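Asks: Mind looking over this structure? Questions follow.
The values are calculated or read from the model by the stated rules, or taken from the named source; none is laboratory data. Since this is a predicted model, take the numbers as computed values, not measurements. All Cβ positions, even for glycine, are placed from backbone atoms using ideal geometry, and neighbour counts span all protein chains on display. Surface areas here come from the heavy atoms of the whole protein model, side chains and all, with no ligands, DNA or RNA. Shrake-Rupley method; radii C 1.70, N 1.55, O 1.52, S 1.80 Å.
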Amino acid sequence: MIDRFSRSVALRNLGFNLGQSALTVGVVAISVTLVIFLGALIGGLQRRLISSVTGSVPHVVVRQAERDPVAAWDLPRTGPDAPIVVGEEVKLQQRKMKIEDWAVWTSRLRDFDPDILAVSPVVEGQAILARGEKRQSISVTGVTPELHNKVVEIEDKLVSGRFFGLNGGEAAIGFKLAEEFAVRLGDKVRITSSEGTVGDYTVAGIFDTGFAAVDGRTVFVTLRDAQSLFQLGGAVTSIGLKLRTIFEADTLAARLMTQMPYEAESWMEQNQTLLSGLRAQSQSSNLIIGFTVVASGFGIAAILIMAVVSKLREIGIYKAIGATRRQILATFTFQGTLLALVGSLVGTALGVGLTLGLMQVRMAASSTGRTVEVFPMMLTGGLIATAIGMATGVGFLASLYPAWRAARVDPIEVIRGA
Amino acid sequence: MSGGMDGMDTMDEMDARAAVAGDDDAATQVFDIDKIFTDGITTQVLFDVNLTVRKGEFLAIIGASGSGKTTLLNIIGLLDKPTRGRVMLSGRDAAALSEDERARMRRDYLGFIFQFHYLSPEFNVLENALMPCRLRGRAAERENTDRVQGLLERVGLGDRLRNRPSQLSGGQQQRVAIVRALANDPMLVLADEPTGNLDSKSGRGVFDLMRELNQATGKAFVIVTHDEMFAKEADRVVHIVDGRIE
């Protein structure tokens, strides 16, 4: 493709005009650094925003569909006869939304789609936490800790005590709740459920997830304890799922609904505003990245045109002694593409260095000593490959016009003009 | 492209002429060359020029400036196309060839020496001299390296092979350019005022060198000059006056 002549002339040109080469490499390097840094920052911000939503909840929740039966006295009267009412009269408020056959569905869900990473049956309900005179409304979540941790991480967020191996009569509570009630590991608290059942629990774990709603309101107990607190027998209230690709949650939930007698709700339905915000952010960042790359392309083109103009005479002589247009074209496209490639490698090194450096900067996020990154960065191989590929591609395109100009040089004019 | 049409008409006639001229002996031949420049105003610089350069011949073209001698050399060298007429090189009609084909013909059959040396500052003396071979590829370069190196030694630059052109004197630079013109073992070397940029002593040296190489290698040389002194030493002199051979 590129013969010995084109390669050697291109390489010598680069070496002979080191200042010019360094300038071009610099232009490309800066733009690639910017692309990588911006890409990583925006990716990281998005990941943080998304995890601020999805970090504390399952990606998809399967629960009993909510139904609103019409009261007998509200039924439309269509004829002279009173309507026939089927079933018994129940108090709507006390209707329990429960899944009796969860064991079957849990195992079926595991095999439903390879995208489903974990499945956890959950009992959720409202309760009052009490210790001494103090009481507060809380949310009790009954889980099998080892299973649930795969859906929503708690074990890694423990400040003290344990989550895995939680026994009957033990509870794991958020650190804010613990501060509020001034309880420590081993202390007893009393939980009164919305069903009126009362139980005393020993605090066995305190966690700090970084989600205020969880840290200040949630108490984890075992599945069985929660079942008895809420008088559910052997049933659960929902099944939580964790997915590999969180943005597939919508479609997966829709597919599940067609095949289950329950309702499946994805995190995306709950967060439409956030998602459209993220999309707008992605678009504007792509725009910035696009402009940056285009600008560097113009930079390369300008410098290469200068290089061609300063070499018109040599190019003319090469053509006079037998260089073909193709050889001249190859020389200058190779020169431009190589500069862009070197520039993008340098830029990648700078961008990755900058990103990794900023990732080290952390700040305290809560009284438990948990820290978070000041700059949330997400550096992926895909981002780096895209930046290198794009910059090199643009370098190639930017070199086409100068190379074409060079290939068109008429040797006669060079000789005559001398 | 319109020139191609003319070519078709006269092809048979030309072959006949070539046969009559007995052309195993010719390095290159031009027939009935007219050259008209239409750069704003139309100027005809060559009128019905016929010329045969014999193999091994040392031919001088002399004429006043503006007489058309450089234009004729450029046409012989396939750098320029005649408005009318044929240029036969190695049995092929150059007018019928594409730009890249003519570039390859120049590379393989012709050597060029210009008024200025035009060596590439990025390459050393040996690389510059080998450039026509490098244009043909790695193999050609390897095959010719020893011969070209021998030529550089012969012109007194054996100890300057790795030097940059800027480290040489004007005369030495022109010697490198002469060796470059011979690098591909061409049929014909074309030189346009090769001594024009040199002082008389260096110019004499360069001229003598070309004459010597002509005799040693048997390559035909066509030299455009306005120096009568040099012209006298050529095998044959062609005078151009106002675009016509006298």
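Asks: Within the range B:118-149, track down each residue that is farther than 19 Å from residue B:187 by Cα and in a helix (DSSP H, G or I). Break it down stepwise before answering.
Replies: We begin by selecting, within the range B:118-149, every residue farther than 19 Å from residue B:187 by Cα; these are B:118-128, B:137-139, B:142, B:146, B:149.
Matches in the range B:118-149: B:125, B:126, B:127, B:128, B:138, B:139, B:142, B:146, B:149.
Asks: Do the conditions hold for residue B:171, that is, is it outside any helix (DSSP H, G or I) and over 22 Å from residue B:71 (Cβ atoms)? Let's see the steps before the verdict.
Replies: Numbers: outside any helix (DSSP H, G or I): no; over 22 Å from residue B:71 (Cβ atoms): yes.
Here the answer is no, as residue B:171 does not meet what is asked.
Asks: Quick one: residue B:143 ticks every box in (1) buried (at least 21 other Cβ atoms within 10 Å of the Cβ); (2) away from chain A (no Cβ under 11 Å); (3) among the acidic types (Asp, Glu) bar one, so which box is it?
Replies: (1)
Asks: Inside the range A:360-373, can you point out the residues that are in contact with a helix residue (DSSP H, G or I) (Cβ under 7 Å, 6 or more places away or on another chain) and part of a loop (DSSP other than H, G, I, E, B)?
Replies: Taking the range A:360-373 and keeping what is in contact with a helix residue (DSSP H, G or I) (Cβ under 7 Å, 6 or more places away or on another chain), we get A:368, A:373.
Within the range A:360-373, A:368 is the sole residue that qualifies.
Asks: Pairs only if they're at least six apart or on different chains, beta carbon under 8 angstrom, first in the range B:229-243 and open to solvent by 50 Å² or more (accessible area, probe 1.4 Å), second small (Gly, Ala, Ser) and assigned to a helix (DSSP H, G or I); list them, first residue then second.
Replies: These pairs meet every condition: B:237/B:231.
Asks: Which helices (runs of 4 or more DSSP H) sit wholly inside the range A:244-335 and have at least 3 residues that are in the same structural domain as residue A:43 (by TED's automatic domain parsing)?
Replies: Where helices (runs of 4 or more DSSP H) fall fully within the range A:244-335 and carry at least 3 residues being in the same structural domain as residue A:43 (by TED's automatic domain parsing), they are A:272-310, A:312-320.
Asks: Given the residues A:279, A:325, A:313, which is the only one that is without any contact (Cβ under 8 Å) to a residue 24 or more places away in the chain and of a type in the set (Lys, Arg)? Before the answer, list the steps.
Replies: Values: A:325 fails: without any contact (Cβ under 8 Å) to a residue 24 or more places away in the chain; A:313 fails: without any contact (Cβ under 8 Å) to a residue 24 or more places away in the chain.
After ruling out the rest, the residue left standing is A:279.
Asks: Let me ask something else. For residues that are aromatic (Phe, Trp, Tyr) and more than 9 Å from every other protein chain (Cβ to nearest Cβ), tally how many sit in the range B:78-115.
Replies: Going through the range B:78-115, the residues aromatic (Phe, Trp, Tyr) turn out to be B:109, B:112, B:114.
From what's left, more than 9 Å from every other protein chain (Cβ to nearest Cβ): B:109.
Summing the residues that are aromatic (Phe, Trp, Tyr) and more than 9 Å from every other protein chain (Cβ to nearest Cβ) in the range B:78-115 gives 1.
Asks: Select from the range B:67-117 the residues that are out of contact with any helix residue (DSSP H, G or I) (no Cβ under 7 Å at 6 or more places or on another chain), assigned to a strand (DSSP E or B) and crowded, with 24+ Cβ neighbours inside 10 Å and list them in ascending order.
Replies: Selection gives B:110 alone.
The rows are residues; the columns are (1) of a type outside the set (D, E, K, R); (2) away from chain B (no Cβ under 14 Å).
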| residue | (1), (2) |
| --- | --- |
| A:4 | no, no |
| A:15 | yes, no |
| A:18 | yes, no |
| A:24 | yes, yes |
| A:27 | yes, yes |
| A:32 | yes, yes |
| A:35 | yes, yes |
| A:46 | yes, yes |
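The rows are residues; the columns are (1) at pLDDT below 95; (2) within 14 Å of chain B (Cβ to nearest Cβ).
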site	(1), (2)
A:259	yes, no
A:269	yes, no
A:279	yes, no
A:304	yes, no
A:321	yes, yes
A:346	no, no
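Asks: Say we look at the range A:325-343 and pick out the residues that are open to solvent by 30 Å² or more (accessible area, probe 1.4 Å) and more than 12 Å from residue B:103 (Cβ to Cβ); which of these is nearest to the other protein chains (Cβ to nearest Cβ)? Please lay out each step first, then the result.
Replies: As a first pass, look at the range A:325-343 and keep what is open to solvent by 30 Å² or more (accessible area, probe 1.4 Å): A:325-326, A:329, A:334, A:337-338, A:341-342.
If we keep only those that are more than 12 Å from residue B:103 (Cβ to Cβ) too, we end up with A:329, A:334, A:337-338, A:341-342.
Details: A:329: 11, A:334: 15, A:337: 19, A:338: 15, A:341: 21, A:342: 18 Å.
Of everything passing the filter in the range A:325-343, A:329 is nearest to the other protein chains (Cβ to nearest Cβ).
Asks: Is it the case, given these coordinates, that residue A:389 is without any contact (Cβ under 8 Å) to a residue 24 or more places away in the chain, away from chain B (no Cβ under 14 Å), over 25 Å from residue A:51 (Cα atoms) and within 33 Å of the chain's Cα centre (by Cα)? Write out each step before concluding.
Replies: Details: without any contact (Cβ under 8 Å) to a residue 24 or more places away in the chain: yes; away from chain B (no Cβ under 14 Å): yes; over 25 Å from residue A:51 (Cα atoms): yes; within 33 Å of the chain's Cα centre (by Cα): yes.
Judged against the criteria, residue A:389 is a match.
Asks: Are any of the residues in the range A:328-341 under 30 Å from residue A:58 (Cβ atoms) and among the aliphatic types (A, V, I, L, M)? Full working, then the answer.
Replies: The initial filter retains those residues of the range A:328-341 that are under 30 Å from residue A:58 (Cβ atoms), namely none.
There is no residue in the range A:328-341 that is under 30 Å from residue A:58 (Cβ atoms) and among the aliphatic types (A, V, I, L, M).
Asks: Hey, among the residues in the range B:133-156 that are in contact (Cβ under 8 Å) with a residue 24 or more places away in the chain and in contact with a helix residue (DSSP H, G or I) (Cβ under 6 Å, 6 or more places away or on another chain), which one's nearest to residue A:320 (Cα to Cα)?
Replies: B:135
Asks: Somewhere in the range B:27-48, is a residue β-branched (Val, Ile, Thr), crowded, with 22+ Cβ neighbours inside 10 Å and more than 14 Å from chain A (Cβ to nearest Cβ)? Give the steps one after another, and end with the answer.
Replies: Here is the first cut: in the range B:27-48, the ones β-branched (Val, Ile, Thr) are B:28, B:30, B:33, B:36, B:38, B:41-43, B:45.
Next, only the ones that are crowded, with 22+ Cβ neighbours inside 10 Å stay: B:28, B:33.
Among the residues that remain, those that are also more than 14 Å from chain A (Cβ to nearest Cβ) are: B:28, B:33.
Checking the range B:27-48: at least one residue is β-branched (Val, Ile, Thr), crowded, with 22+ Cβ neighbours inside 10 Å and more than 14 Å from chain A (Cβ to nearest Cβ).
Asks: In the range B:54-77, which residues are among the basic types (Lys, Arg) and within 14 Å of chain A (Cβ to nearest Cβ)? Spell out the reasoning first.
Replies: To start, the set of residues in the range B:54-77 that are among the basic types (Lys, Arg) comprises B:54-55, B:69.
Within the range B:54-77, just B:69 meets the criteria.
Asks: Please find, among A:376, A:402, the residue that is touching a residue at least 40 places away in the same chain (Cβ under 8 Å), in a helix (DSSP H, G or I) and away from chain B (no Cβ under 14 Å). Steps first, answer last, please.
Replies: Values: A:376 fails: in a helix (DSSP H, G or I).
Going through A:376, A:402 in turn, just one is touching a residue at least 40 places away in the same chain (Cβ under 8 Å), in a helix (DSSP H, G or I) and away from chain B (no Cβ under 14 Å): A:402.
Asks: Looking at the range A:24-59, which of its residues are in contact with an Asp or Glu (Cβ under 8 Å, 6 or more places away or on another chain) and either part of a loop (DSSP other than H, G, I, E, B) or of a type in the set (Asp, Glu) (or both)?
Replies: Of everything in the range A:24-59, just one residue is in contact with an Asp or Glu (Cβ under 8 Å, 6 or more places away or on another chain) and either part of a loop (DSSP other than H, G, I, E, B) or of a type in the set (Asp, Glu) (or both), namely A:55.
Asks: Inside the range A:14-56, can you point out the residues that are under 22 Å from residue B:166 (Cα atoms) and surrounded by fewer than 21 Cβ atoms within 10 Å (Cβ to Cβ)?
Replies: Pass one, the range A:14-56, residues under 22 Å from residue B:166 (Cα atoms): A:14-21.
A:15, A:16, A:17, A:18, A:19, A:20, A:21 - these are the residues of the range A:14-56 that are under 22 Å from residue B:166 (Cα atoms) and surrounded by fewer than 21 Cβ atoms within 10 Å (Cβ to Cβ).
Asks: In the range A:155-200, how many residues are within 19 Å of residue A:232 (Cα to Cα), among the β-branched types (Val, Ile, Thr) and open to solvent by 40 Å² or more (accessible area, probe 1.4 Å)?
Replies: Count: 2.
Asks: Could you pull out the residue among A:316, A:322, A:347, A:369 that is on the phi > 0 side of the Ramachandran plot and surrounded by 15 or more Cβ atoms within 10 Å (Cβ to Cβ)?
Replies: On the way: A:316 fails: on the phi > 0 side of the Ramachandran plot; A:347 fails: on the phi > 0 side of the Ramachandran plot; A:369 fails: surrounded by 15 or more Cβ atoms within 10 Å (Cβ to Cβ).
None of the other options fit; the residue is A:322.
Asks: Moving on. Please state which of the following conditions residue A:231 fails to meet, knowing it meets all the rest: (1) in a helix (DSSP H, G or I); (2) open to solvent by 40 Å² or more (accessible area, probe 1.4 Å).
Replies: (1)
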